[in-house]
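Engineer: Sharing a structure, written as structure tokens. Questions coming.
Taken together, the values in this text are just the output of simple stated rules run on the coordinates, not laboratory data. None of the values given here were measured: they were computed from a predicted structure. Positions of Cβ are backbone-derived with ideal geometry, glycine not excepted, and every protein chain shown enters the neighbour counts.
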């Protein structure tokens with residue numbers, strides 16, 4: 001019996017070290033039609049942007065004509081890595097549903113998706129979830145060149161800011 005217990009303890013010690021280092025789980029769950037290298041490039045651009053300056057209230061300015069709240073860059077952003085961050089598209093909300101729900105008349109594809117709570121808006125081109133580690137964007141943006149890059153980079157900035165403890169109310 002003692003030999004079985006010793007074997008079990010040694011086995012647990014050996015296997016507990018596998019894949020549990022500081023680098024485990026770093027990266028994306030890439031459900032896009034873009035390469036991991038492109039996602040990493042956008043992540044690095046988001047880090048660099050935030051290390052220089054932080055725009056903390058772009059949505060408040062857009063919807064409430066508020067004054068800009070710009071913060072100095074945060075060098076800690078350069079040390080934040082994505083941890084199994086899901087990056088994926090979502091089907092665009094059909095124009096008929098958008099008109100019925102919000103009175104907004106846009107042609108299909110609308111470029112908008114339903115934004116779940118706690119979003120400040122009902123529909124957006126993209127959004128991030130922090131508890132589930134996900135960034136989603138409207139499927140029609142998948143191959144919209146620089147627009148795709150800008151949307152995903154902005155959502156990566158949001159993921160980084162949330163990790164660093166910033167207030168995300170108006171991002």
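Engineer: At a 10 angstrom cut-off on C-beta neighbours, averaged per residue, how do the peptides 50-56, 30-36 rank from highest to lowest? Walk me through the numbers on the way to the answer.
Structural biologist: On the way: 50-56: 16.9, 30-36: 13.3.
Ranked by mean Cβ neighbours within 10 Å, highest first: 50-56, 30-36.
Engineer: May I ask you to sort 162, 169 by Cβ crowding, counting other Cβ atoms within 10 Å and putting the fewest first?
Structural biologist: Least crowded to most crowded, the residues run 169, 162.
Engineer: Out of every Cα-Cα pair in the chain, what percent are more than 27 Å apart?
Structural biologist: Working: 5319 of 14535 pairs.
Distances greater than 27 Å cover 37 percent of the Cα pairs.
Engineer: Using a 10 Å cut-off around each Cβ, can you sort 171, 136, 76 from fewest to most neighbouring Cβ atoms? Mind dumping the intermediate values first?
Structural biologist: Values: 171 20, 136 24, 76 14.
Ascending Cβ contact count within 10 Å gives the list 76, 171, 136.
Engineer: Take each of the peptides 89-95, 144-150, average the number of other beta-carbon atoms within 10 Å over its residues, and list them starting from the highest.
Structural biologist: Numbers: 89-95: 17.0, 144-150: 14.1.
Put in order of decreasing packing, that is 89-95, 144-150.
Engineer: Treating the Cα atoms of segment 117-171 as identical point scatterers in vacuum, please give the log10 of the normalised Debye intensity I(q)/I(0) at q = 0.19, 0.22, 0.25 Å⁻¹, two decimals.
Structural biologist: Values returned for q = 0.19, 0.22, 0.25 Å⁻¹ are -0.66, -0.86, -1.06.
Engineer: Residue 48 to residue 76: extension gain in nm, 0.36 nm per residue of separation minus the Cα-Cα distance? Mind dumping the intermediate values first?
Structural biologist: Details: separation 28, 0.36 × 28 = 10.08 nm, distance 1.03 nm.
So the extension gain works out to 9.1 nm.
Engineer: Rounding to the nearest 10 and keeping the result within 0 to 90°, find how far the Cα-based axis of helix 2-16 lies from the longest principal axis of the chain.
Structural biologist: Tilt of helix 2-16: around 30 degrees.
Engineer: On to the next question. Specify the angular offset, from 0 to 90 degrees and rounded to the nearest 10, of the alpha carbon long axis of helix 36-52 from the longest principal axis of the alpha carbons in the chain.
Structural biologist: Between helix and principal axis, roughly 70 degrees.
Engineer: Still on this model: What is the helix-to-structure angle for 146-163, meaning the angle in degrees between its Cα long axis and the longest Cα principal axis of the chain, kept from 0 to 90 and rounded to the nearest 10?
Structural biologist: The angle comes out at about 50 degrees.
Engineer: Something else now. Where the Cα atoms of segment 27-71 are projected onto their three principal axes, how long is each span, largest first, in whole Å?
Structural biologist: 37, 23, 12
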